[in-house]
1. Are there trypsin sites (Lys or Arg not before Pro) in region 5-64 that DSSP marks as loop and that have at most 14 other Cβ atoms within 10 Å, and which are they?
2. Which translational diffusion coefficient, to the nearest whole µm²/s, is obtained for region 157-242 from the Stokes-Einstein equation, given a Kirkwood hydrodynamic radius over C-alpha pairs, 25 °C and 0.890 mPa s?
3. Hey, what's the Kirkwood Rh for the chain if you take every pair of different alpha carbons, in angstrom?
4. How big is the dipole moment of the chain about its Cα centre under a simple scheme where the beta carbon of each Lys and Arg is +1, that of each Asp and Glu is -1, and everything else is neutral? Debye, nearest 20, please.
5. Roughly speaking, what is the stretch gain from Ser108 to Ser227, that is 0.36 nm per residue apart minus the C-alpha to C-alpha distance, in nm to one decimal?
6. At what distance in nm do the modelled label points of Val95 and Arg189 sit from each other, each positioned 7 Å from its Cα along Cα→Cβ?
7. Taking the DSSP beta bridges in the chain as the whole, what percent of them are antiparallel, to the nearest 5?
8. Taking 0.36 nm per intervening residue step and subtracting the Cα-Cα distance, what contour gain separates Ser35 from Arg18 on full extension?
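Computed from the coordinates by the stated procedures, all read-outs in this text should not be read as laboratory data. As the structure is a prediction and not an experimental result, all values here were calculated from the model. Please note: Cβ atoms are built from the backbone with ideal geometry, for glycine as well, and neighbour counts cover all protein chains shown.
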Amino acid sequence: MKVLGSATDLSHALDSSRALGRSIGLVPTMGALHSGHRSLIDRAASECDVVVVTIFVNPTQFGDPHDIETYPRDLAADLAICAESGVDVVFAPPVAAMYPDWPSISTSVSVGIEASQWEGRSRPGHFQGVATVVAKLFAMAGRCRAYFGEKDFQQLVVVRRMTRDLAFPVEVIGCPTLREESGLAMSSRNRLLTEQERGAASVLARALAAGHAAASAGAPEPRDVVSVMTDVVAEEPLVELD
Ligand code: AMP
């Protein structure tokens, strides 16, 4: 397994693989890898000759300084998981390799309506940061398939739109959400929760299931589905609906 930190090294490595006729599967992550990430890696390995995992806690997608300071990081454990999973290349760049003039950034990618509503409304600038870093990773990686989780569904929509609009030679593949037994979606940030908070967070999965059931039973309007889900979330005092 190669561990690379410079954009040029990544581009050269993947150009050499393509020259040998090998297909590339790219799995962008922010590290603190768990079974959800592994499912993306396994899917990439089943469909591509060379699997590349990128590990980069992207500063431009964080609005809250506390959030980026506390974001879980464990490169040694991540490299062990990648090695065990048969990953060929890990790209773990320092901030300066991704943003040469950091903290100044002149060019960034913004996506329209897909990025500005829902989570985008609560986290201004978040999806612009995501679209920018993914565009850069695509530019460095070149022609490939790229694997993203449906857990971050709006992110997947933003990335698909950005890829089409900017004509990247990348096929974006959405992968199903891996969940804990409680229904809670696996997430690096779950490490930051106490046991009690973790239990409370499973209300999100119950709300989704209730919304799904209401929609399947023919709820007449989207707002009726929202209302069913809101009622479920309201049962959990530790969870505040955003
Ligand atoms: P992150 O490291 O949180 O930025 O996630 C990297 C990629 O893994 C994103 O495409 C996520 O949507 C995906 N991912 C994270 N958690 C899960 C999960 N529980 N199931 C499936 N994919 C996931």
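1. When the trypsin sites (Lys or Arg not before Pro) of region 5-64 are filtered for loop state and at most 14 Cβ neighbours within 10 Å, Arg22 remain.
2. For these conditions, the coefficient is 161 µm²/s.
3. By the Kirkwood definition, the hydrodynamic radius is 19.3 Å.
4. Roughly 760 debye, rounded to the nearest 20.
5. That works out to 39.2 nm of additional length.
6. 2.0 nm
7. 5 percent
8. This chain segment gains 3.3 nm when fully extended.
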